[in-house]
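Here the structure comes first, spelled out in structure tokens, and everything after it is commentary.
Here, each number is a calculation from the coordinates, and none is a lab measurement. These figures come from a predicted structure and were not determined experimentally. Here the Cβ is made from the backbone with ideal geometry for all residues, glycine too, and neighbour counts use every protein chain on show.
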Amino acid sequence: MDFEAARARLIEHLGTEVKDERVLTTMGRIPRERFVPPGKRHLAYEDRPLPIGLDQTISQPFIIALMTQALELTGGEKVLEIGTGSGYQTAILAELARSVITIERLPALAEGAKKLLANLGYTNIVMHPAKETLGWPGEAPYDAIITTAGAPGVPPDLLAQLAIGGRMVIPAGSLYTQELYKITRQRNRNKIQKLGGCRFVSLIGRGAWEE
């Protein structure tokens, strides 16, 4: 299969709705097929989520592009990612920001992602296992936070780790369907924008869902 041609077609498709050229260019050079199981690689450039094992998924490319665009990354940011998964979103963030702190609660996924990201040459990613408190408070504040799992609402523990002026993108709603929110932290009243409906696996931890 010609993965490069398939990737180019996908980026052209995403460009009809996603306008951040840095996001599109970055996604256009990252080999998504490396981040999906071998038996699913022929589907890597379909605009759809795919299973990656352990009841987890790699998100639909459009949703990934939309969420990444909403972070408004310019290259100097420290970013917190909740839910490393196979590492595809992590790789995108690593190319668009100064550094990425990424959290994964499933050791098998974390191990695979860490090895793949290292093989691809990324040196600005630090991966941690998930703790009871969501995120990684020891490195806060973050310029941007992205959560690749759905919560019942915006967890206060996570919001507290966001810098003033920082952007958080998070799916929130029920266990089965969520709305994608962009929260810009401000000193007095946070700015909240809805980005559309979505469906993610559940975010596990204090302030989210129980395992």
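If a/c stays under 1.5 just call it rounded; otherwise compare a/b with b/c (prolate if a/b is bigger, oblate if not). Do that for region 149-211, with a ≥ b ≥ c from the square roots of the Cα gyration tensor eigenvalues.
Verdict is oblate for region 149-211.
Classify region 43-82 from the C-alpha gyration tensor, please: rounded if a/c falls under 1.5, else prolate or oblate depending on whether a/b exceeds b/c.
oblate
Once amide H atoms are placed 1.01 Å from N in the peptide plane, what residues at a sequence separation of 5 or more from L71, or on another chain, have their amide H within under 5 Å of its amide H?
The answer is none.
Would you work out the Kirkwood radius for the chain? I mean one over the mean of 1/r across all pairs of different Cα atoms, in Å.
So the Kirkwood estimate lands at 17.0 Å.
Can you give the helix-only mean residue ellipticity at 222 nm for the chain, where every DSSP H stretch with n ≥ 4 adds -39500 (n - 2.57) and the sum goes over all residues, rounded to the nearest 500 deg cm²/dmol? Each step should come with its number before you reach the end.
On the way: 6 runs with 55 residues, N = 211.
About -7500 deg cm²/dmol.
Which FRET efficiency, nearest 0.05, do A5 and E179 yield, Cβ-Cβ r, R0 30 Å? Write down the numbers at each step before the final one.
Details: r = 35 Å, r/R0 = 1.15.
Efficiency at R0 = 30 Å is approximately 0.30.
Hey, in the GNM for the chain with a 10 angstrom Cα cutoff, which one of R48, R189, R32 fluctuates hardest?
Of R48, R189, R32, the most mobile in the Gaussian network model is R189.
Is the shape of region 27-100 rounded, prolate or oblate, going by the alpha carbon gyration tensor and its root eigenvalues a ≥ b ≥ c, with a/c under 1.5 for rounded and a/b larger than b/c for prolate? Please report the intermediate quantities before stating the final value.
Numbers: a/c = 2.05, a/b = 1.78, b/c = 1.15.
Prolate.
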